[in-house]
Every structure is written in structure tokens, then in C-alpha cells.
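*Asks:* Quick one: structure below, then a few questions.
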Amino acid sequence: MSAQPLDAHEQRANLRLTLHAEGRLSEPYAGQHGIELLDISSTGARIATYRRFHAGQTLYLTVDQLRSIKCEVRWARPGEIGVAFERPLHVAILDHLAAAHRAT
């Protein structure tokens, strides 16, 4: 797995993998919609979405046939959100996503 930070000036607890993966975000009582997963680490992700979200909102992320991942919106700006996962992802999940959706 080849992990690389987004920017040299950006400091993170975990390195993020740059991806291009289609997935779904589910909102309790509001349905689900398609998204693009832009990068991911064991503790969170950056997601491209046309929907508006706010910090603190609970969502469920699904990519490929993996089980839904419960997450919380940490930041939101037009067209993108950053989420933190309720539980860190296992390295096998990150390996699968990196192999299947590595950005070129």
C-alpha cells in the first residue's frame, strides 16, 4: 500500500491514500446518494458530494461491497466534506480500496 500525504504543509495523525472510488453516503431518515471517495486513511476520508452537510452530522459510507462505515462530518465546504470514522479501519480494508481504486 502506497500512502502519501495530501500536501507537505498538512499534518495528519494518519497518512491518506488518494483514490477515485464511487460510493454511497446514507443519512438516517433521508436516504442515500452517490459520492466520490477522494482520499482515505484508517481514521477518516475526504468525499466529493453535491449534497450539503454540516459538522457533527452522522453518516454511513459504503464503498464497493464493504459494510457501511459509520462516520461523522468534521468539516464541510461546497462540493466536499471531511469525515472521521467511528472506528479505525482495518489495514485489509485500506489495502483492498488502494488496490481497487488507486488514483493514477
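*Asks:* So which residues in the range 53-75 are over 13 Å from the mean Cα position of the chain (by Cα), among the small types (Gly, Ala, Ser) and either on the phi < 0 side of the Ramachandran plot or surrounded by 14 or more Cβ atoms within 10 Å (Cβ to Cβ) (or both), if there are any at all?
*Replies:* The answer is ALA55, and nothing else.
*Asks:* Filter the range 77-92 down to the residues that are of a type outside the set (Phe, Trp, Tyr) and either open to solvent by less than 50 Å² (accessible area, probe 1.4 Å) or part of a loop (DSSP other than H, G, I, E, B) (or both) and list them by number.
*Replies:* Correct list: PRO78, GLY79, GLU80, ILE81, GLY82, VAL83, ALA84, GLU86, ARG87, PRO88, LEU89, HIS90.
*Asks:* If I ask for residues that are closer than 15 Å to GLU27 by Cα, in contact (Cβ under 8 Å) with a residue 40 or more places away in the chain and of a type outside the set (A, V, I, L, M, F, W, C), which ones from the range 59-104 would you list?
*Replies:* Passing the criteria: only SER68.
*Asks:* Within the range 13-52, which residues are of a type in the set (D, E, K, R), surrounded by fewer than 15 Cβ atoms within 10 Å (Cβ to Cβ) and in contact with a Leu (Cβ under 7 Å, 6 or more places away or on another chain)?
*Replies:* Hit for the range 13-52 is GLU27, nothing else.
*Asks:* Among the numbered criteria (1) modelled with pLDDT under 95; (2) assigned to a strand (DSSP E or B), which single criterion is violated by ARG24?
*Replies:* Exception for ARG24: condition (1).
The values are calculated or read from the model by the stated rules, or taken from the named source; none is laboratory data. On a predicted model such as this, the values are computed, not experimentally measured, just so you know. Glycine gets a Cβ as well: all are built from the backbone with ideal geometry, and neighbour counts include every protein chain shown. Keep in mind that these areas ignore ligands, DNA and RNA; they rest on the heavy atoms of the full protein, side chains included. Shrake-Rupley method; radii C 1.70, N 1.55, O 1.52, S 1.80 Å.
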